[in-house]
Amino acid sequence: MLKISGTGERIFMAGIYLILLFVLVITFYPFWNIFVLSLNSASDTVRGGITFWPREFSLESYKQILQDREIINGLKVTFLRTIVGAPLTVLVISLLAYSLSKKELLGRRWIGLFFVFTMYFGGGLIPYYMILKSVHLIDTFSVYIIPNLMNVFFMIIVRTFMQDLPAEVEESAKLDGANDLQIYWRIVMPVSLPVLVTIGLFAAINQWNSWFDSYVFTYDPDLKTLQAVLVKILNQFQTKEFTNDSTAQLANSVKRIAVSSDTIRMAATMVATLPIIMVYPFLQRYFVKGMTLGAVKS
């Protein structure tokens, strides 16, 4: 095995830190620039050259965004689908993963292959739309929840984690009179908390950032998510083809208020992004541990 001297090790670690610093800059700076532009005065933004800090600080774009009914309603719908959908997804995935982790389950291998098959093959958008319509999910809030209850990739991670749990613990619980449901809820769930929190975070991000299902499967304006409204705003500012709805009125108001298409787009992007980013610090301690334990088989 190659040994590195003290000086060589310091040089090597310095190189690693420089690479990490470079990756941090190129990933964080675009987000920071969007934030800075959203806080800058519209009349000054058109001059360009804004990099690290606003030249003329202004909150007009955020005031216009937060006064728009469609955006506020989209924020409520997105928040509701996230807090409802993510826990239900974790519950369904953990139940299925716990079942498939049992070697005595009849047909366990074929059931697993069936789920893996769905990761690589699908019927396409039109058959998917027809199925949702046949079960009366189109233009309902349930279209955000029910189709997203299962994620095969997440299920495989959780199943791998649960397969490595000591069998003696469950056997001891059964000797004490516990059934499978009690073992799942009182033993397996608490022990699996890191990996469950990790997939819960992924599920919440998927729910929060999802816009295509709202764009295609709902027609009621009160069911539109924040991301779908954001796409609508961005398209309207890019094409200048406005209608008479509330979002269009917001876009047309650029002509008479101290905002521009750039500042509105940046502010809308920040409003849609910041809430989910603020969740990360509270779940960071589970994140790496959960992914490592669920992805590596001992």
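Given the Cα-Cα distance of ASP164 and ASP176 and 0.36 nm per residue of separation, how much length would full extension add, in nm?
Net length gain for the segment: 2.1 nm.
How many nm separate the modelled label positions at SER43 and ILE83, each set 7 Å beyond the Cα in the direction of the Cβ?
4.2 nm
Quick check: pseudo-label points 7 Å beyond the Cα along Cα→Cβ at LEU18 and ARG109, how many nm apart are they?
5.3 nm
State the percent of C-alpha pairs, over all pairs in region 1-102, separated by a distance greater than 23 angstrom.
Distances greater than 23 Å cover 65 percent of the Cα pairs.
Between PHE31 and VAL135, what's the calculated FRET efficiency when r is the beta-carbon distance and R0 is 41 Å? Round to 0.05.
The computed FRET efficiency comes out at 0.60.
Rounded to the nearest 0.05, what FRET efficiency do MET150 and GLU56 have when you use their Cβ-Cβ distance and R0 = 51 Å?
0.55
Under the 0.36 nm per residue contour assumption, what length would be gained going from the current alpha-carbon distance of LEU193 and TYR120 to full extension?
23.4 nm
FYI, it's all coordinate maths here, none of it is from the lab. The shown structure was predicted, so the numbers you read here are calculated from the model rather than taken from an experiment. Neighbour counts are summed over all protein chains in view; Cβ atoms, including those assigned to glycine, are modelled from backbone coordinates with ideal geometry.
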